[in-house]
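Since the structure comes first, as structure tokens, the remarks are kept for the end.
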Amino acid sequence: MQQLNPKAVWLFFIGFVLHWFFFFIFLSIWGIGLLRGEASFSFLKWLWILVPVFLVLCFIWAKLTYSFYRYELTENGFRKELGVIYKKYITIPYDRIQNVDIYRGILARLLGLSDLNIQTAGMSGAIGAEGRLPALSREVAEQLRDELIQRARQSKNQGL
């Protein structure tokens with residue numbers, strides 16, 4: 001099985017930090033608001049310890065997410081597995097593939113990465129693509145897109 005681009009760690013890290021940032025800020029303001037005087041100052045001193053610990057934990061989680069995110073093209077379909085604590089296995093048969101898109105958001109472009117979105121017959125109306133692969137290099141994303149489109153066409157033409 002293949003892994004994502006190693007820069008995916010940074011994409012995951014920034015995503016986790018942004019995801020938890022507002023909760024962390026709310027918790028900090030709430031903690032300072034509850035405490036008065038000397039206790040409030042003591043809480044601010046603890047923030048100098050908590051923020052780096054929070055960032056280190058986000059980076060460790062990003063490394064683990066990267067390590068457990070794999071994909072491959074099998075003879076039956078596209079397969080990916082992900083998840084650190086709870087594993088998720090997804091197999092998309094080639095004959096269900098409707099469209100394959102490459103998406104490059106701002107953060108991904110800064111890192112030189114692309115997302116590959118595989119849309120299927122059953123999930124085309126859903127919010128996210130069933131076969132989303134984040135953090136691929138542009139070249140790998142284009143090669144994978146072309147290969148998936150070719151295999152999808154071949155599987156649909158076999159029945160004729």
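The values are calculated or read from the model by the stated rules, or taken from the named source; none is laboratory data. From a predicted model like this one, the values you see are computed outputs, not experimental measurements. So basically every Cβ, Gly included, is an ideal-geometry build from the backbone, and we count neighbours across all protein chains shown.
Scanning segment 88-119 for residues that are in a helix (DSSP H, G or I) and either acidic (Asp, Glu) or farther than 20 Å from Val140 by Cα (or both) yields Asp95, Arg96. Condition test on Tyr94, is it of a type in the set (Phe, Trp, Tyr), in the same structural domain as Glu139 (by TED's automatic domain parsing) and under 22 Å from the mean Cα position of the chain (by Cα)? Considered against the rule, which asks whether it is of a type in the set (Phe, Trp, Tyr), in the same structural domain as Glu139 (by TED's automatic domain parsing) and under 22 Å from the mean Cα position of the chain (by Cα), Tyr94 comes out as no. Of the listed requirements (1) at pLDDT 70 or above; (2) in contact with a Ser or Thr (Cβ under 6 Å, 6 or more places away or on another chain), Ile32 misses just one: (1).
I want to confirm something. Restricting to segment 57-87 and keeping residues that are in contact with an Asp or Glu (Cβ under 7 Å, 6 or more places away or on another chain) and assigned to a strand (DSSP E or B), which single residue is nearest to Glu130 (Cα to Cα)? Full working, then the answer.
We begin by selecting, within segment 57-87, every residue in contact with an Asp or Glu (Cβ under 7 Å, 6 or more places away or on another chain); these are 70, 73, 79, 87.
Then keep just the ones that are assigned to a strand (DSSP E or B); that gives 70, 73, 79.
Working: Arg70: 15, Leu73: 15, Arg79: 11 Å.
Top of the filtered list is Arg79.
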